[in-house]
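Read the structure below first, then the notes.
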Amino acid sequence: MVINDLRPQHTERREQLLLVARRIFAERGFQATTMDDIAKEAGFTKPILYQYFESKTDLYREIVTQTAQKLLESLDAAVSSVESPRTKIEVAFRIYFDMVVSETDAFRVLFIHSHEGETATELRNLERGLISFLEPYINISISDEHRRQLAAGVVGIAEGAAATWLVQQAAKGWPASAPREAERLAARSATLAWGGLRAVQQD
């Protein structure tokens, strides 16, 4: 049975287990990682790990949920301080890539390793959240269906660029990120997205 306990020691241990699991999932992928691996790396027994998480899938989903929640909350906070739809999307790209560059393990879990079977829906849920976030800022006189398709395209640009950057970093042996790396990634993706959006014809 999973413990529901908000005492500081419990919360601290739970977060420690999540951090360890995130790193191991990032390095090995979901399928190759076992609960034994996570417990051993965290310095606990497997029965203790099961007191906090019912299964490997439960642990994985918690990592994805935390990443998605943090990203969407950061996006909401950032865009509230700017006014124009274009600036909102540009700021959103910057927040997105800031998080990709600073929390590579979380995004390696999301983008690098294949998600099959019981974990197949996790990335899709995050993508749907990002699409819904972007839709209101595509300020063009088009149908709701068309607007959602465009929002999905913008999310695809960001996701593709992030995944490719992570693969490139892995091939280089994970060097320290270059100064203003997130800003450069965001600017490249924003330029591509707005070039496409400017060409969209009204319905």
Exercise. Using alpha carbon centroids, what distance separates segment 164-184 and segment 48-126, in Å?
Worked result: 18 Å
Problem set entry | Backbone N within segment 69-102 under 17 Å of label point (7 Å from GLU183 Cα along the Cβ vector) | 90-102
For this session: Would you mind computing, in nm to one decimal, how far apart the modelled labels at GLN66 and THR87 are, each placed 7 Å from Cα along Cα→Cβ?
Result: 3.4 nm
Exercise. For segment 23-98, what is the Kirkwood estimate of the hydrodynamic radius, computed as the reciprocal of the mean inverse distance between distinct Cα atoms, to one decimal in Å?
Worked result: 14.7 Å
Exercise. Rounded if a/c is under 1.5, else prolate if a/b is larger than b/c, else oblate: which is segment 108-203, with a ≥ b ≥ c the root eigenvalues of its Cα gyration tensor?
Worked result: oblate
Problem set entry | Folded to 0 to 90 degrees: helix 181-198 orientation relative to the chain principal axis, Cα | 40 degrees
Exercise. In whole percent, what relative contact order does the chain give with Cα contacts below 8 Å and a gap of six or more residues?
Worked result: 23 percent
Exercise. If the cut-off is 18 Å between C-alpha atoms, which lysines fall inside it for LYS40, apart from same-chain ones fewer than 8 positions away?
Worked result: LYS56
Exercise. Hey, got a sec? Which trypsin sites (Lys or Arg not before Pro) in segment 131-203 land in a DSSP loop and have at most 16 other Cβ atoms within 10 Å?
Worked result: LYS172, ARG180
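Values in this text are rule-based calculations from the coordinates and carry no lab data. Please read all numbers here as calculations on a predicted model, not as lab measurements. Here the Cβ is made from the backbone with ideal geometry for all residues, glycine too, and neighbour counts use every protein chain on show.
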